[in-house]
């Protein structure tokens, strides 16, 4: 093995070794914890029925509306 081939092999080995170390350390680094997003509910009083409020409810992740009667304030 000539001196040039030895130096080339050593340089390539050092580059590959440094790349593996950098990749390993970057994967071990702690990241910021991901906060769970709570779905935000949207409530809207749209009408009254027999003295109760008709409330329209939608969730941002749903494409539908749901309705319920709220008689607790009456």
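Each row is one residue, and each column tells you yes or no for (1) exposed (fewer than 10 other Cβ atoms within 10 Å of the Cβ); (2) in contact with a strand residue (DSSP E or B) (Cβ under 7 Å, 6 or more places away or on another chain); (3) modelled with pLDDT under 85.
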| site | (1), (2), (3) |
| --- | --- |
| 2 | yes, no, yes |
| 12 | no, no, no |
| 43 | no, yes, no |
| 53 | no, yes, no |
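Report yes if residue 37 is in a loop (DSSP other than H, G, I, E, B) and modelled with pLDDT under 90, otherwise no.
yes
The values are calculated or read from the model by the stated rules, or taken from the named source; none is laboratory data. Note that the structure is predicted; figures quoted are calculated from it, not measured. FYI the Cβ positions are ideal-geometry reconstructions off the backbone, even for glycines, and counts take in every protein chain you see.
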